[in-house]
């Protein structure tokens, strides 16, 4: 006889709690992201297309819904839910972050939501973890490179730098480029605080020559164009997805978190598919690399384009929820549901 279903207590987990938890979990986040990618590769997730709320009079602004589910048929790791994340680039002019978000977790057995979490921190950390994971596997699992460059001086870049350091990476120099000099200087100062050597603001042309190049901008269309921009074996983390021209994609090896998801919404790979009429430039997924299904070849540039799936937010959000509830730092909301019995 099966046990009757029950409604889980509802908790709110604010950003200050999440930040404290995540500060100690950056390495764990990389492992969670890796395991979630492998779960996805096995077909044990549901990750439909993202839904975009756009504003015709304000084309730069958008709010995105990412519904998803992790289906653990043999254990207790199942969770479903949705991330609701806004991107308003002009926020930075007022000194506030571009992105804000909430994450809702739903009980897979009853469908009832049981947690509301501040989502922007989770989104930033899972994005950074995905970036560093991709760099690790494209770099033959070595945690070092002569030169790292970051294009874009925002919150995502800050988290990527912090995750590289937490994961034990070493670099001889780090170049920072941003069109906004204040943002470039702020990220440069942050890199110095982390103990990174020779951190300095650089021109875009110089940033593009680093051994590992990270794009984390709010660009809507490619501005880095031209065949031969990147050299064979150079690693490009295409985190913001729309900085690189179609020719560069076509002449490189291209790795993804999910090919179908990434080849849409006018990402650089999607533009390449539209221009050239094929997907021959697709090499495989980071999960395939981890499983050993494919190997890295270095006679072309290596580009990693993770679309950023909602399953990652759910996996990390579920971990944070469990830690916060156990520690008593989650805020319980009694009687959140007006009716908990049918009769």
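Just so it is clear, none of the values below were taken in a lab; they were calculated from the coordinates. Because the structure is predicted, anything quoted here is derived from the model rather than measured. In this analysis, Cβ positions are derived from the backbone assuming ideal geometry, glycine residues included, and neighbour counts consider all displayed protein chains.
For the chain, the longest principal axis of the C-alpha atoms and the axis of helix 181-193 are separated by about 80°. Legend: calculated FRET efficiency, residue 327 to residue 96, from the Cβ-Cβ distance at R0 = 35 Å, rounded to 0.05, equals 0.75. Judged by the mean number of other Cβ atoms found within 10 Å, the most tightly packed of the peptides 222-233, 164-175 leads the ranking 164-175, 222-233. The distance between label points at residue 31 and residue 200 comes to 3.9 nm (points 7 Å beyond Cα on the Cα→Cβ vector). In this simple spin-label model, placing a label point 7 Å from the Cα along the Cα-to-Cβ direction at both residue 182 and residue 77 gives a separation of 4.3 nm. If I fit a long axis through the Cα atoms of helix 155-166 and take the longest principal axis of the Cα atoms of the chain, what angle between them do I get, 0 to 90°, rounded to 10? Here the helix axis deviates by roughly 90 degrees. Dividing the radius of gyration of the alpha carbons in region 38-103 by their Kirkwood radius gives 1.14 for Rg/Rh.
For a modelled paramagnetic label at residue 65, 7 Å from Cα along Cα-to-Cβ, the residues of region 26-58 in reach, with backbone nitrogen under 16 Å, are 47-55. Applying Stokes-Einstein at 4 °C and 1.567 mPa s to the Kirkwood radius of region 213-343, computed over alpha-carbon pairs, gives a translational diffusion coefficient of 76 µm² s⁻¹. Counting every alpha-carbon pair across region 268-342, the share separated by more than 16 Å comes to 73%. Helix 310-327 and the longest principal axis of the Cα set of the chain meet at an angle near 50°. Across the chain, counting alpha-carbon atoms alone, Rg and Dmax equal 20.3, 69 Å. With 5 Å bins beginning at zero, the pair-distance distribution over Cα atoms of region 139-305 amounts to 2, 9, 18, 22, 20, 16, 9, 3, 1, 0 %. Site pair residue 276 and residue 112 shows an inter-label distance of 5.2 nm when each label is modelled 7 Å from Cα along Cα→Cβ.
What is region 33-187 by shape, rounded, prolate or oblate, if you read a ≥ b ≥ c off the alpha carbon gyration tensor as root eigenvalues and call it rounded for a/c under 1.5, prolate for a/b larger than b/c, and oblate otherwise? Because a/c hits 1.5 or more and a/b fails to exceed b/c, region 33-187 counts as oblate.
Using only alpha-carbon positions in region 153-204, the gyration tensor eigenvalues give semi-axes of 17, 12, 9 Å once each is multiplied by 5 and square-rooted (largest first).
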